[in-house]
Structures are given as structure tokens and as C-alpha cells.
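Encoded as C-alpha cells, the structure appears first; notes follow it.
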Amino acid sequence: ADRLGAGARTTAGLACPGALACAAAGLGGAAACAAPWVRAAVAGLFASLCVAGGAVAGAGAMGGGLAWQLALGYLEYQTWLQRMVPAADLRAPPEEVTEASAPPADGLSGLELLRQLCQAARPPSPPRRRAPAPLTEEEQELADSAIYGDGSPNEVLASRFSVELTREKLQCLRPRTWLNDEVINFYYKLLQERSNQAKDAPKCWFTNSFFWNKLSGGPEKSNKDYNYKEVRRWTTKAKVDVFEMDYVIFPMNIGEMHWAMGAIDIKNQGFRYFDSMIKSPHPNFVPFLRRYLVDEHKTKKSKDLPDPDAWDLLVMDPPVPQQTNGYDCGVFTCFFGDRFSAGRALDFEQEDMPELRVRLAARVV
């Protein structure tokens, strides 16, 4: 109700982009606790506000800078994502954000729509598959100090891998906030370190979040421009032979507004796509990764990759956990990498995200 009030008050004076972004955040936050049919009614307005003010700020939040706190409902985020990434094959909304039937929102006055947004009840959560280990007191204390403690925004709280994470950067781990690439890449570096030290775990090479966009041309070229030269030296610099690995794992920034994870499964000769919202990867995901392996094999081993056409997209069974809001994709992506690289099941769900944010903060610092 507080978020709704703020959004409603802001819509009275949409004179600047900042006001538009605030209005969008207010509407998105209110709709997050509304019935899906009401959320759908708001989605068009929300997308318009976001594009007009370009909660463009949102894309900046993905790449770094300030930690933007947007309480986006699932359907609003899905609508926005579809609008910004038209090729995305979005999953059907999870059961907890759908209803069998609902009255149409057409014809409702603004006040009536706002009233129903406030009154709508949250549907019950679906049965759990399994829960991660509970947080320890030490984890809670470390996280609280990092993301809520006193100190300068420029204070460096973690410094490793030639990267410095400041208090400001770590604030993206607060609730209802998009994760930035600095935190995600730092966590994947920690996973690489863990993988190097583990004796019985799969052998993994983790790239950073620029790998896929460098290889495919990035969102500026709609990921349609294959360019092996951009990543040709990566394995040389890392002193890695990908064909001796079990997995090559990389976080993916989709359209500069959504996080997912890709993996080259060397062991099973295929490719895997982990996404908490989009059902299928970009159409060039398999062809470009296949070409990457062909080029990498030819360049580093001076011979052709045997039967490259046999490498294809592998079915995820069971399906990957799904998000039910518009801001936790980065946390899902971190723990896709965490579990998959350790050979573990994806034993987390949407309701675990608040605790997993705390765990991320504790591990990073």
C-alpha cells in the first residue's frame, strides 16, 4: 500500500523521467501483490512508463552503478521483457501467479483499479521440492554488516581477483533489487576457485558475463553477429583447454535487463540453458556455441572437431526453478552456477531468494 501510494502520488506530476521511473516502480510494486488479472491490466501502463522514462535506469542497474530497488510483479516484468527482447520464448507464468478465472479489468476507473490492487490476495505457494541449508548466524551478521551497515558508499568490502566491490555495489543484494554484473562475476570467480580446489566435483571453467555477448555481437546486434575473434584468446589467457573440462559455464545478460546462465556440457556433448523465466535460449545459442567449439578445436588443436552437428541443446530434467517476480533473476543465475558446477540438484525455489541473497552477501565479503 505504501508503494502504491507513492506511485499514485508520483503519477500526478510526470514532468521528468525520474518521476516516470518512480511511478512505474510504484505501480509494479503494488501489482506484485495483486490478482493476475489486475496485474495484466496494469502491465501495458507499466511498460509505457518504463519505456517513456526508460526505466532505462533498469538496464543500468544490471550493468552496475546504483542498486535500483524495483518491486516488479512477475507479469509486469514478463511484459516488459517481451517488449524489450521480442525473440524471448517466455515460460508460462508459474501456478502461483495465475488463476483459473478472473473478472475483466476493462472499464474499471483508476480509483477502482487501485482499490482492487490493494485488496487482492496473494495466491498460496506451490509445494516445495527441497530447501537449502538454513543460514548460520555468521552468514546473517556478515551480510547485515555489508548491505545495511554504516559506512561510506565507496568503502571497499571485498577485494579479490583484481576486482574491488564497494558498499554501494553490494547494495544490489538488498531485497527487491536487480543484481549487477560486478557481483555476479565476482561470485562466479569464487565458484571457479572452489571448482579448482574440489577433488570430486566436475571440472569447470567459468567465464564472465561478457562471453556470450562478445561471441554473438551482443544486444546491439541482436546476438546475430558471430565473432570468434572476440573470445579467441580467452582460453589462452586462462590457461584452459575447454575439451579437458566437464563444463564451460557463463552468466548471460539478456537484453541488458535479464540474467540467465549457459553451459557447454563437454562431458555429454551438448549445451544447457538455465533461465528462471525464458523457456528457450536465443535461436543462435546452439549454432554459435557449436561454431565456437569448432573454431576453438581448430585453433588450439590444429584439427577438426569430430562430428560437430551431434552437439545440440540438452533437455533440462527436471525443469529449472522459476522466479515469480521481476527482480530475482540474478540470484537464480548465481545459484544455477553454484549447484550445477558442484554436481548438485537445483534445490532452491522462489521463496528461498531472500535467504540466498543473504548467503551471497556473506560469501562475497
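Selection of the stretch 249-288 for residues being modelled with pLDDT under 95 and of a type in the set (Phe, Trp, Tyr) yields an empty set.
Reported count of residues in the stretch 138-182, each being more than 25 Å from residue 255 (Cα to Cα), touching a helix residue (DSSP H, G or I) at 6+ places or on another chain (Cβ under 6 Å) and among the aromatic types (Phe, Trp, Tyr), is 1. Step by step: first the residues of the stretch 141-176, then only those that are in a loop (DSSP other than H, G, I, E, B) and charged (D, E, K, R), then the one that is nearest to the chain's Cα centre (by Cα). Which residue is that? Top of the filtered list is 176. Would you check if there is a residue in the stretch 130-139 being touching a Pro at 6+ places or on another chain (Cβ under 6 Å) and part of a loop (DSSP other than H, G, I, E, B)? No, the conditions are met nowhere in the stretch 130-139. A single member of 336, 288 is touching a residue at least 60 places away in the same chain (Cβ under 8 Å), within 13 Å of the chain's Cα centre (by Cα), surrounded by 14 or more Cβ atoms within 10 Å (Cβ to Cβ) and within 26 Å of residue 217 (Cα to Cα), and it is 336. Just one of the numbered conditions (1) part of a loop (DSSP other than H, G, I, E, B); (2) free of Cβ contacts under 8 Å to residues at least 12 places away in the same chain; (3) more than 27 Å from residue 301 (Cα to Cα) is not true of residue 179: (2). Residue count for the stretch 299-339 under the criterion of being of a type in the set (D, E, K, R) and in a loop (DSSP other than H, G, I, E, B): the result is 5. Cβ-Cβ contacts under 8 Å between residues 6 or more apart (or on different chains), taken from a first residue in the stretch 206-219 that is on the phi > 0 side of the Ramachandran plot to a second residue that is modelled with pLDDT of 95 or more and of a type in the set (Ser, Thr, Tyr), are listed as 217/226.
Those strands (runs of 3 or more DSSP E) of the stretch 202-282 in which at least 1 residues are open to solvent by 60 Å² or more (accessible area, probe 1.4 Å) and closer than 24 Å to residue 309 by Cα, considering only elements entirely within it, cover 278-280.
When the stretch 344-365 is limited to residues that are touching a strand residue (DSSP E or B) at 6+ places or on another chain (Cβ under 9 Å) and not in a helix (DSSP H, G or I), the one that is surrounded by the fewest Cβ atoms within 10 Å (Cβ to Cβ) turns out to be 365. Inspection of the stretch 183-192 identifies at least one residue that is out of contact with any helix residue (DSSP H, G or I) (no Cβ under 9 Å at 6 or more places or on another chain) and open to solvent by 60 Å² or more (accessible area, probe 1.4 Å).
The values are calculated or read from the model by the stated rules, or taken from the named source; none is laboratory data. The model shown is predicted, which means the values in this text are computed figures rather than measured ones. Positions of Cβ are generated from backbone atoms using ideal geometry, with glycine treated the same way; all protein chains shown enter the neighbour counts. Accessible surface is based on the protein model in full, side chains and every heavy atom, while ligands, DNA and RNA are left aside. Shrake-Rupley method; radii C 1.70, N 1.55, O 1.52, S 1.80 Å.
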